[in-house]
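Student: Before I ask anything, let me first share the structure, which is written out below as structure tokens.
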Amino acid sequence: DAKTTQPPSMDCAEGRAANLPCNHSTISGNEYVYWYRQIHSQGPQYIIHGLKNNETNEMASLIITEDRKSSTLILPHATLRDTAVYYCIVTGGSQGNLIFGKGTKLSVKP
Amino acid sequence: GAVVSQHPSWVICKSGTSVKIECRSLDFQATTMFWYRQFPKQSLMLMATSNEGSKATYEQGVEKDKFLINHASLTLSTLTVTSAHPEDSSFYICSASGVRLWANVLTFGAGSRLTVL
């Protein structure tokens with residue numbers, strides 16, 4: 001699985017868009033980008049995933065650069081409940097055994 | 001949507017006793033379940049992968065005789081921490097992957113916080 005690099009922490013004002021970057025410069029052609037988040041003392045929650053096209057669902061948007069070496073998770077209107085650690089995971093495995101890095105701690109402030 | 005129930009949510013036990021944690025997929029058949037451990041202020045660490053009807057595969061450094069995993073049905077996996085010691089105190093989280101779901105789109109349980117006195 002490709003290594004990912006995320007900033008350790010970010011702040012965002014409530015109601016504003018939160019843009020969380022992830023660098024995965026060694027990603028290979030068959031590897032997907034997955035985003036999960038973990039709210040304090042809870043299990044992780046799946047957010048979104050993509051291969052090369054931008055993706056959007058009810059939670060977030062995922063923007064993947066054309067060379068696929070980086071991506072950005074966008075929470076369009078952050079709320080206080082979006083405060084969590086966000087994990088970017090790159091894998092082409094079919095087993096589902098995700099390897100979590102340190103993630104980005106997003107703090108949404110009023 | 002897919003739901004994974006984990007029980008108990010927290011448990012306190014004495015050193016030397018064994019503790020069992022259950023992980024159930026409520027509305028889908030989980031062909032594979034994963035067990036993670038998370039220490040305070042650290043990320044999740046994969047402990048083992050369990051496939052229904054077969055022996056679990058443990059990650060390097062995880063003692064299989066200490067952390068017993070049973071995946072007897074498509075909806076239930078259990079983790080038993082045997083002869084628990086204070087250093088086993090941690091947040092244990094299970095996740096499940098179903099046949100109809102993307103393999104890496106996992107549904108996680110809420111976690112079980114184990115405190116060993």
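The values are calculated or read from the model by the stated rules, or taken from the named source; none is laboratory data. Source: prediction; values computed, not measured. Positions of Cβ are generated from backbone atoms using ideal geometry, with glycine treated the same way; all protein chains shown enter the neighbour counts. Side chains are part of the model used for accessible areas, which takes the heavy atoms of the whole protein and leaves out ligands, DNA and RNA. Shrake-Rupley method; radii C 1.70, N 1.55, O 1.52, S 1.80 Å.
Student: Measuring with a 1.4 Å probe in the full set of protein chains, what accessible area per residue, in whole Å², belongs to chain B?
Tutor: I get 50 Å² per residue for chain B.
Student: In a shell of Cβ-Cβ distance under 13 Å around A:Q6, excluding A:Q6 itself, what net charge do Lys and Arg (+1) and Asp and Glu (-1) give?
Tutor: +4
Student: Please build a GNM for chain A, connecting alpha carbons under 10 Å apart, and tell me which residue among A:S41, A:S28, A:S71 fluctuates the most.
Tutor: So, out of A:S41, A:S28, A:S71, the one fluctuating most is A:S41.
Student: Over the alpha-carbon set of region B:52-99, work out the extent along each principal axis and list the three values in angstrom, largest first.
Tutor: 36, 19, 18
Student: Using heavy-atom solvent-accessible surface (probe 1.4 Å) with all chains present, what is the largest-first order of A:K69, B:K14, A:K102, B:K64? Before the final figure, lay out each step's value.
Tutor: Numbers: A:K69 100, B:K14 150, A:K102 185, B:K64 130 Å².
Ranking A:K69, B:K14, A:K102, B:K64 by accessible area, largest first, yields A:K102, B:K14, B:K64, A:K69.
Student: Okay, moving on. How big a patch of accessible area, both sides summed and in Å² to the nearest 100, lies buried between B and A at a 1.4 Å probe?
Tutor: 1600
Student: Taking Cβ-Cβ under 4.7 Å as the only way to count a partner, pick out the unpartnered cysteines of the protein assembly as shown.
Tutor: Cysteines lacking a close Cβ partner in the protein assembly as shown: A:C12, B:C13.
Student: If the cut-off is a Cα-Cα distance under 14 Å, which aspartates and glutamates reach A:K105, setting aside same-chain residues fewer than 8 apart in sequence?
Tutor: Here the aspartates and glutamates satisfying the reach criterion relative to A:K105 are A:D11, A:D82.
Student: Turning to a different aspect of this structure: Listed highest first by mean packing, meaning other Cβ atoms within 10 Å per residue, what order do B:107-113, B:45-51 come in?
Tutor: Taking the mean over residues of other Cβ atoms within 10 Å, the ranking is B:107-113, B:45-51.
Student: For region A:30-77, which GluC sites (Glu not before Pro) are both in a DSSP coil and crowded by at most 16 other Cβ atoms within 10 Å?
Tutor: Passing sites in region A:30-77 are A:E58, A:E66.
Student: For chain B, what is the relative contact order in percent, using Cα pairs closer than 8 Å and at least 6 residues apart in sequence?
Tutor: Relative contact order here is 37 percent.
Student: Could you work out the relative contact order of region A:1-60? I mean the mean sequence separation of Cα pairs under 8 Å and 6+ apart, divided by the number of residues, in percent.
Tutor: About 26 percent, as a whole number.
Student: Shielding of A:43-51 by partners, i.e. mean partner chain Cβ atoms within 10 Å per residue?
Tutor: 5
Student: Specify whether the C-alpha gyration tensor of region A:1-50 places it in the rounded, prolate or oblate class, a ≥ b ≥ c being the square roots of the eigenvalues: rounded for a/c under 1.5, otherwise prolate if a/b is larger than b/c and oblate if not.
Tutor: Prolate shape, in that a/c is at least 1.5 and a/b is the bigger ratio.
Student: Only loop residues by DSSP count here, and only those with at most 12 other Cβ atoms within 10 Å; note down the GluC sites (Glu not before Pro) in region B:45-117 that meet that.
Tutor: B:E63
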